[in-house]
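Undergrad: Submitted below is the structure of interest, expressed as structure tokens.
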Amino acid sequence: MSSDVKAMTDAEILDRIIQLGFEGKREWFEAFKEKLREGLPEGTGVALRGSVVTNQKFEDGRPFDADGKRTSDLDVTLIGKAAMDCWDKDEFYIPALHTKPLSDKAPHIAPSLNALREALQHLVKRPVNFQATANIILFGRDVLFDEPYFIIIEAGEAS
């Protein structure tokens, strides 16, 4: 398997995600997706970003979980206006296009989604962060800043 995400097939990327973020347990990954479908506004797309996709931490280039088992977080990007509407209006990096992360450090910025985020953390036994964005921002981060992502739920897919 290539270390460069851009050279990998979707099946190889998904396998990497399951191995790294879900301890190789496909059932955890499927349960994670199901909880997202049940708990998010209808039509919300979901992508995973960061070191679970690249196996390289953005800050220092070290591998996923380099600091020990379950120390790396899952960066979950929610795609669509309905998800962005869950954030407090003052908690956007780019108004109406890209939110700040909902995390243990900032659970108050999208209170209607925090219980879901915490349930997902319990399921996968590692930190989970949510950020909401418009599709164009997600695409731009990939192309302009080499921040790849992997769609796990297509926007508009039935909840």
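Undergrad: For L74, list long-range residues whose amide hydrogen, built 1.01 Å from N in the peptide plane, is under 5 Å from its own amide hydrogen.
TA: So L74 has HN proximity to V128, N129.
Undergrad: Additional query: If r is the Cβ-Cβ distance from D10 to K105 and R0 is 35 Å, what FRET efficiency results, to the nearest 0.05?
TA: Computed FRET efficiency for D10 and K105: 0.65.
Undergrad: Per residue of segment 41-48, what does 6.51 cos²θ - 1.76 cosθ + 1.60 with θ = phi - 60° give for ³J(HN,Hα)? Whole Hz please, x for Gly and Pro, Karplus curve as stated.
TA: Using θ = phi - 60°, the values come out as x, 4, x, 5, x, 9, 10, 9 Hz.
Undergrad: Mean separation of Cα pairs under 8 Å and 6+ residues apart, divided by the residue count of the chain: what relative contact order is that in percent?
TA: Reported as a whole number, the value is 31 percent.
Undergrad: Using r as the Cβ-Cβ distance of E59 and I94, and R0 as 22 Å, what FRET efficiency do you calculate, to the nearest 0.05? Please list the in-between numbers first.
TA: On the way: r = 22 Å, r/R0 = 1.00.
Working from the Cβ atoms, E equals 0.50.
Undergrad: I want the antiparallel fraction of DSSP beta bridges within the chain, as a percent rounded to 5.
TA: Details: 13 of 19 bridges.
Rounded to the nearest five, the antiparallel share is 70 percent.
Undergrad: Using helices alone, I'd like the mean residue ellipticity at 222 nm for the chain: each DSSP H run of four-plus residues gives -39500 (n - 2.57), total over residue count, nearest 500.
TA: -11000 deg cm²/dmol
Undergrad: With Rg and the Kirkwood Rh both taken from Cα atoms, where does Rg over Rh land for the chain? Working shown, then result.
TA: On the way: Rg = 14.7 Å, Rh = 15.7 Å.
A ratio of 0.93.
Undergrad: K100's amide H: which non-local residues (gap 5+, or another chain) put their own amide H closer than 5 Å, with H modeled 1.01 Å from N in plane and none for Pro or chain starts?
TA: The list, which skips near neighbours in sequence, is F92, Y93.
All of the numbers you see were taken from the coordinates with simple rules; none came from a lab. These numbers were taken from a predicted model, which means no experiment stands behind them. Cβ atoms come from the backbone with ideal geometry, glycine included; neighbour counts cover every protein chain shown.
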